[in-house]
Amino acid sequence: MPITERPGPAARCLRPAAVLLAALVLGALALPARTATGESASALLTGDVFDYTVQPGDFLFRIGARFGADAYAIARDNRLASPSRLVPGQVLRIDNRHIVPEKIEEGILINLPQRMLFYFEAGEVVLSVPIGLGKPGWKTPTGDFKIAQKRENPIWNVPKSIQEEMEREGEIVREKVPPGPDNPLGRHWLGLSIGGYGIHGTIAPDSVYQFQSHGCIRLHPEDVQELFDRVETGSPGKIVYEPVLLAEDAQGRVLLEVHKDVYRKGGNPLQTVLALAAARGIERRVDWERVREVVRRKEGLARDVTGAPDQDIDRMTR
């Protein structure tokens with residue numbers, strides 16, 4: 001499938017009823033988009049650079065959805081002139097490194113532009129997975145929450161608004177969907193204290209790492225299973241909106257991650273980077289030409305923007 005062709009319509013979900021604190025990153029982590037295994041509780045970088053062998057039926061958006069990596073970035077990193085020519089057995093280099101927006105002691109942290117969920121235990125990220133979120137007309141909300149309920153094999157009671165949408169689109173209108181292979185909630189449902197929203201599985205895994213739901217938060221089936229097994233009713237969580245993330249690693253490299261401002265809430269990304277760098281006093285350690293390139297591409301991956309210490313900062317930031 002060509003890179004310009006996106007996965008088909010996503011499974012339906014329940015309808016919905018600024019600046020980053022730059023943080024010290026203490027080291028790269030081990031596993032691709034699944035777990036964070038840093039040396040310290042304050043490790044705030046997840047993911048890795050690794051090789052992936054193309055499987056039958058793979059295309060770049062499917063691979064990106066699984067690992068939390070931009071399909072166009074995968075194409076560029078692998079110098080693919082024609083991304084539609086993926087063949088089984090082909091080896092791709094995948095970079096899915098992400099900056100964790102902040103450190104919390106316990107619970108779930110979700111960054112909407114990043115399309116990532118981080119689960120903390122005792123101050124450490126123990127799970128880091130890509131997620132699917134609400135489309136611009138059905139935004140996933142921000143704010144603090146708690147896990148209000150846990151259900152296996154949930155029944156989907158279709159909201160009236162979605163029934164009306166089904167009717168407009170010429171689909172069969174359904175009021176209730178029982179557990180099973182046709183249920184868009186998958187096999188696991190974590191209801192949030194933010195009424196009407198939940199974290200759940202999906203029968204459309206290619207829609208993960210996209211903005212295609214009606215506001216709920218979708219995970220790959222194996223990821224929601226792991227999260228479901230870890231959390232308890234009452235577990236805390238937080239949803240933030242941070243399209244620009246800036247951090248340093250243990251080697252002193254400056255890392256920048258910029259995402260598309262899908263909900264149009266993030267402001268000017270270059271000005272945000274300037275403010276974050278100034279707050280940390282690292283303006284002269286940043287390669288501002290590289291910053292502009294990362295901002296332009298908005299790949300949503302942690303990229304090295306370290307510059308020479310003796311550069312002309314006034315000229316570079318104009």
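The values are calculated or read from the model by the stated rules, or taken from the named source; none is laboratory data. Remember, predicted model here, so these are calculated numbers, not experimental data. Don't worry about glycine lacking a Cβ; one is built from the backbone with ideal geometry, like all the others, and counts go over all protein chains shown.
Okay, here's what the table says:
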{"read-out": "Positions within segment 245-268 being in a loop (DSSP other than H, G, I, E, B) and touching a Lys or Arg at 6+ places or on another chain (Cβ under 7 Å), in sequence order", "value": "His259, Lys260, Tyr263"}
{"read-out": "Test: residue in segment 20-35 that is in contact with a strand residue (DSSP E or B) (Cβ under 7 Å, 6 or more places away or on another chain), at pLDDT 50 or above and within 21 Å of Leu227 (Cα to Cα)", "value": "no"}
{"read-out": "Any chance Arg76 is at pLDDT 95 or above and assigned to a helix (DSSP H, G or I)", "value": "no"}
{"read-out": "Pairs where the first residue, in segment 151-162, is of a type in the set (S, T, N, Q) and the second is modelled with pLDDT of 75 or more, C-beta under 7 Å, 6+ apart", "value": "Asn153/Pro179; Asn153/Arg187; Asn157/Lys176"}
{"read-out": "One residue from Val240, Val258, Val224 being modelled with pLDDT of 95 or more and within 23 Å of Tyr72 (Cα to Cα)", "value": "Val258"}
{"read-out": "Criterion violated by Ala275 - all others in (1) part of a helix (DSSP H, G or I); (2) surrounded by fewer than 21 Cβ atoms within 10 Å (Cβ to Cβ); (3) in contact with a strand residue (DSSP E or B) (Cβ under 7 Å, 6 or more places away or on another chain) satisfied", "value": "(3)"}
{"read-out": "Any strands (runs of 3 or more DSSP E) falling wholly within segment 131-217 and containing at least 1 residues that are more than 28 Å from Leu301 (Cα to Cα) and at pLDDT 90 or above", "value": "143-152, 188-192"}
{"read-out": "Given (1) under 22 Å from Val244 (Cβ atoms); (2) modelled with pLDDT under 95, index of the condition Asn96 fails", "value": "(2)"}
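For every residue, the table says whether it meets (1) basic (Lys, Arg); (2) under 30 Å from Ala122 (Cα atoms); (3) not in a loop (DSSP other than H, G, I, E, B).
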{"site": "Asp223", "(1), (2), (3)": "no, yes, yes"}
{"site": "Gly234", "(1), (2), (3)": "no, yes, no"}
{"site": "Gly237", "(1), (2), (3)": "no, yes, yes"}
{"site": "Leu270", "(1), (2), (3)": "no, no, yes"}
{"site": "Arg296", "(1), (2), (3)": "yes, no, yes"}
